[in-house]
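**Student:** Okay, here's the structure, questions in a sec.
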Amino acid sequence: MKKENTNKELLIIIPAYNEEASISGFLSKLLADESHTYADILVINDASTDNTLSIVQELNIPVISHPYNLGYGTALQTGYKYAVINGYQYIIQIDSDGQHDVCNIQRIYELLTSKEKPDLVIGSRFLKGSQSFPISLTKKIAIAFFSIVIRLTSRQKITDPTSGLQGLNRKVFGYYARFGNFDNSYPDANMLVQMTLLGYRVQECPAIMHRREAGKSMHFGIIEPILYMFIMVFSTLNVFIRHKWHLLAKPTTLPEKTENVKPTKGGIKH
C-alpha cells in the first residue's frame, strides 16, 4: 500500500519491538508536536509479541509489521525502502522508547534543508546545547573508542557515533535501501565510517535525550556492550578494507519516485 498524497517530503520512521510500555506516550507526544503537520509518520513493528501493534493502530498511525523478528537494522531498512518507493526527500529516524525528545525533529529537519545541505545529520548528546542523562562507563568507553576510529579512518570528528537519532536525505537512505549497502545486524559507527569514506557529508547537531522509561536497551548489561564493541571493530575494519579494495557500491542518483512498486503483501497495516 502506498501513502496517501500528502505532499510531505519528510518521513519520520520509528522502529519498534515490544515497546508497549513506552510507545503510546511517545507517539502521543509526537502527534501533539508541530512536526506531524509537515511530516508523515511510519512505525515499523518488528514482529512484537506484546501489544505494540494494537497501540499503534489505535492511534491510527501507519505501521508496517514484519512477519518475523528481523532486527533493528532490517526495521530501519524497511523504512528506507518505503521512503524510496513513495518519493520522500528526507527521513528522520527516532527511537520508540522515548529517549529521543520529539523537539529534535524540527532541529534536524532544519539542518537537513539548510544551505549547508548535509547528507546525514547525527543528533549528539555531547555538543553544546544538548541535554542527556548519565550513561554507563562501558558506554562512554565505546563512544570514545568509535569516535577515535571514525577520526582515524575518515578524518571526521563525530562526538556521538552510537546515536540512533539521525536525519538522512534521499541520497543516503536511497543508498541504504539497496541490497548489500546497509548492515542489517549492527548499523552504527561502521555505517558512519562507510558514508564518510564514500564522500557523503555528515554533520552533528545538539540533541535532547531522556533516560529510557521502560524496558531495556539492546546494549543492556556488561557482556552485551563489550560484545557489541568487538562486533563494531570488525564491522568497521570490514568497511575500511572494502573501501580500499573498491568493493563498496558507488553512490547513484535515485528517481524522484518509483512507480508500481508496493511493500510485501500483508506487510503494511493502517
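The values are calculated or read from the model by the stated rules, or taken from the named source; none is laboratory data. For clarity, every value in this text was computed on a predicted model and none was experimentally measured. Positions of Cβ are generated from backbone atoms using ideal geometry, with glycine treated the same way; all protein chains shown enter the neighbour counts.
**Student:** Taking the options V121, V102, name whichever one is of a type in the set (V, I, T), closer than 14 Å to H210 by Cα and either buried (at least 18 other Cβ atoms within 10 Å of the Cβ) or touching a Lys or Arg at 6+ places or on another chain (Cβ under 6 Å) (or both).
**Tutor:** Going through V121, V102 in turn, just one is of a type in the set (V, I, T), closer than 14 Å to H210 by Cα and either buried (at least 18 other Cβ atoms within 10 Å of the Cβ) or touching a Lys or Arg at 6+ places or on another chain (Cβ under 6 Å) (or both): V102.
**Student:** Would you point out the residue of the stretch 54-93, among those that are of a type in the set (V, I, T) and outside any helix (DSSP H, G or I), that is farthest from T162 (Cα to Cα)?
**Tutor:** It comes out as I61.
**Student:** A further question on this structure: Scan the stretch 72-88 and report the pairs whose first residue is over 15 Å from F182 (Cα atoms) and whose second residue is among the acidic types (D, E), with Cβ atoms within less than 8 Å and a gap of 6+ or a chain change.
**Tutor:** Pairs found: G87/E256; Y88/E9; Y88/D40.
**Student:** What pairs can you find where one residue is in the stretch 8-28 and free of Cβ contacts under 8 Å to residues at least 60 places away in the same chain and over 16 Å from G79 (Cβ atoms), the other is among the acidic types (D, E) and not in a strand (DSSP E or B), and their Cβ atoms are less than 9 Å apart, with a gap of 6+ or different chains?
**Tutor:** From the stretch 8-28, the pairs are E20/D50; S24/E58.
Yes or no, residue by residue, for (1) closer than 15 Å to L27 by Cβ; (2) of a type outside the set (V, I, T); (3) within 11 Å of the chain's Cα centre (by Cα):
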| position | (1), (2), (3) |
| --- | --- |
| L59 | yes, yes, no |
| L70 | no, yes, no |
| A75 | no, yes, yes |
| K81 | no, yes, no |
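**Student:** What number of residues within the stretch 144-162 are closer than 20 Å to I226 by Cβ and either among the aromatic types (F, W, Y) or under 17 Å from the mean Cα position of the chain (by Cα) (or both)?
**Tutor:** So the answer is 5.
**Student:** Go through the stretch 127-233 and tell me which helices (runs of 4 or more DSSP H), entirely inside it, have 2 or more residues that are aliphatic (A, V, I, L, M), under 25 Å from V102 (Cα atoms) and modelled with pLDDT of 85 or more.
**Tutor:** 189-197
**Student:** Could you tell me which residue of the stretch 252-270 is modelled with the highest pLDDT, considering only residues that are within 30 Å of L197 (Cβ to Cβ) and either out of contact with any helix residue (DSSP H, G or I) (no Cβ under 6 Å at 6 or more places or on another chain) or not in a loop (DSSP other than H, G, I, E, B) (or both)?
**Tutor:** If we take residues in the stretch 252-270 being within 30 Å of L197 (Cβ to Cβ) and either out of contact with any helix residue (DSSP H, G or I) (no Cβ under 6 Å at 6 or more places or on another chain) or not in a loop (DSSP other than H, G, I, E, B) (or both), then T252 is modelled with the highest pLDDT.
**Student:** Every residue in the stretch 170-205 that is touching a residue at least 40 places away in the same chain (Cβ under 8 Å), more than 16 Å from T236 (Cβ to Cβ) and among the hydrophobic types (A, V, I, L, M, F, W, C), please.
**Tutor:** Correct list: V172, F173, A177, C205.
**Student:** Let me ask another. Which of the residues belonging to the stretch 98-117 are closer than 22 Å to E34 by Cβ, assigned to a loop (DSSP other than H, G, I, E, B) and either in contact (Cβ under 8 Å) with a residue 12 or more places away in the chain or in contact with a His (Cβ under 8 Å, 6 or more places away or on another chain) (or both)?
**Tutor:** G98, Q99, D101, V102, C103, T113
**Student:** Further question: Condition first: of a type in the set (A, V, I, L, M, F, W, C) and touching a His at 6+ places or on another chain (Cβ under 6 Å). Now tell me which residues in the stretch 37-61 satisfy that. Spell out the reasoning first.
**Tutor:** Step one: list which residues in the stretch 37-61 are of a type in the set (A, V, I, L, M, F, W, C), which gives 39, 41-44, 47, 53, 55-56, 59, 61.
Hit for the stretch 37-61 is A47, nothing else.
**Student:** With the structure loaded, tell me whether V121 is part of a loop (DSSP other than H, G, I, E, B), in contact with a Leu (Cβ under 7 Å, 6 or more places away or on another chain) and of a type in the set (V, I, T) or whether it fails that test. Spell out the reasoning first.
**Tutor:** On the way: part of a loop (DSSP other than H, G, I, E, B): no; in contact with a Leu (Cβ under 7 Å, 6 or more places away or on another chain): yes; of a type in the set (V, I, T): yes.
Spelling it out, it is not the case that V121 is part of a loop (DSSP other than H, G, I, E, B), in contact with a Leu (Cβ under 7 Å, 6 or more places away or on another chain) and of a type in the set (V, I, T).
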